[in-house]
1. Would you confirm, using the coordinates I've provided, whether residue 282 is crowded, with 24+ Cβ neighbours inside 10 Å and small (Gly, Ala, Ser)?
2. So which residues in the range 290-319 are surrounded by fewer than 22 Cβ atoms within 10 Å (Cβ to Cβ) and either among the β-branched types (Val, Ile, Thr) or not in a helix (DSSP H, G or I) (or both), if there are any at all?
3. Looking at (1) closer than 18 Å to residue 150 by Cα; (2) surrounded by 18 or more Cβ atoms within 10 Å (Cβ to Cβ); (3) at pLDDT 85 or above, which is the only condition residue 34 fails?
4. Output the residue which, of all residues in the range 18-29 that are assigned to a helix (DSSP H, G or I) and either in contact with a His (Cβ under 8 Å, 6 or more places away or on another chain) or closer than 11 Å to residue 247 by Cβ (or both), is modelled with the lowest pLDDT.
5. Being over 17 Å from the mean Cα position of the chain (by Cα) and surrounded by fewer than 24 Cβ atoms within 10 Å (Cβ to Cβ), is that true of even one residue in the range 239-250?
6. Which of the residues belonging to the range 111-131 are among the β-branched types (Val, Ile, Thr) and either closer than 22 Å to residue 32 by Cβ or free of Cβ contacts under 8 Å to residues at least 12 places away in the same chain (or both)?
7. Which of the residues that make up the range 320-349 are of a type in the set (S, T, N, Q), more than 30 Å from residue 258 (Cβ to Cβ) and surrounded by 23 or more Cβ atoms within 10 Å (Cβ to Cβ)?
8. Which pairs have Cβ atoms under 8 Å, sit 6 or more apart or on different chains, and link a residue in the range 378-393 that is touching a residue at least 60 places away in the same chain (Cβ under 8 Å) to one that is among the basic types (Lys, Arg) and surrounded by 14 or more Cβ atoms within 10 Å (Cβ to Cβ)?
Amino acid sequence: MKSSSKAFWVAGVTFLVLISAAAFRSTTSVLYMPIEMEFGWTRVTTSGAVGLNILVYGLTAPFAAVLMGRFGTKRVALLALALIAGGTGLTTVMTQPWQLYLEWGILVGVGTGCLALVFASAVANNWFVKRRGLITGIFSAGYATGQLLFLPAITNVAADQGWRQATLIVSVFCVILIPVFGFVFKDRPTGNQTPYGGSIDDVPARPPITVKANLAAMALAAKHPAFWALALTFFVCGWTTNGLIGAHFIPAAHDHGMPTTMAAGLLAIVGIFDFIGTILSGWLTDRFNSAYLLVAYYGLRGLALFTVPFVLGPTVEPPMIFFIVFYGLDWIATVPPTVELCRRYFGLQNSPLIYGWVFASHMIGAAIASGYAGWIRQFQGDYFIAWITAAVLCLAASVYSLSLRKAPGMAGK
């Protein structure tokens, strides 16, 4: 098999694995209401479990890089798929809130954390020299694809057959994917194989493989202002995507009289435009200064979020369609330029580790937002304050991104 062909086969199964992680992450909001109605649990309880999942997901990511360096990317990814399958499957027999926290929060949180975009970044670094930004964008779009494929199916199954049967869709998909991934995936080029668009010399050395070395790399990066700019802006990214829209858009739309199936359909459409926008962002990242892309993405997202309380309603009107398209294009378009800036500031070898910590900040922001929005809804009766808070944070992140404009190698862009 030619090296370029092998690189794209590896990229293909990596994309499928990212879809499997996204399948769970993009559909929890559909399951809030049926679980709450069956067990009599509050929105604080269910959103708290999702918040724990997001937090564990984010904190696992930097240490997943350590595990992959020591035990191999393939082994860790296979274990992660098993954890997602087991954690989602076990929820079908739960009876207590602590079980939801264990299964959604811990088991699935660790599994999806091992398959975070840190995993995708490592694959892109090892297998691609040319089009690395584009490939990173395609991997980032795995979330959108999972949302697009699974959200309508899970919503319809939950409505027709119950939330347990809907949950099993994710579990079964992960089980099927385990042997496919194990057969096709390879950690890095070896022998006569080379990364796409380069030589074996372009494959980065393995990063530090101990927890101590990982923490030392993070401590060294933390002395650089660029690390905090990347981490804090990505904190806002997580707050305004996974933690808010991803977790609360469907129940918020339901509060305004919109049927759950219609709201889920809108969120799936977000996934379509997210797929387009993230791949386009990867293409732009190969050509323009990533800092200026972040300025634009966060600024436009902030303006879009200001409109949410005013466009939600029982039916889909033109302003809502505009928001869905506009916000979808910008959903996680921030990922390719953020990954590229990690490479520019901290080097190809260390960038997966550093991005792991930046990504942890992203998911901490998402976890806080999930709990915060659930609390606002529980005690204020609506999500208005949550939408405005997110919009203001985006505008602040847009301004802060300007501090990254002088990244090494970006001067000519």
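1. Yes, satisfied.
2. Once the filter is applied, which keeps residues that are surrounded by fewer than 22 Cβ atoms within 10 Å (Cβ to Cβ) and either among the β-branched types (Val, Ile, Thr) or not in a helix (DSSP H, G or I) (or both), the range 290-319 yields 295, 307, 311, 313, 314, 315, 316, 317.
3. Every condition holds for residue 34 apart from (2).
4. My answer is 25.
5. No, that holds for no residue.
6. Scanning the range 111-131 gives a single hit, 112.
7. 338
8. Close Cβ pairs (under 8 Å, with a partner that is among the basic types (Lys, Arg) and surrounded by 14 or more Cβ atoms within 10 Å (Cβ to Cβ)) amount to 378/43; 383/377; 386/377.
The values are calculated or read from the model by the stated rules, or taken from the named source; none is laboratory data. Bear in mind the structure is a predicted one, so any value in this text is a computation, not a measurement. Positions of Cβ are backbone-derived with ideal geometry, glycine not excepted, and every protein chain shown enters the neighbour counts.
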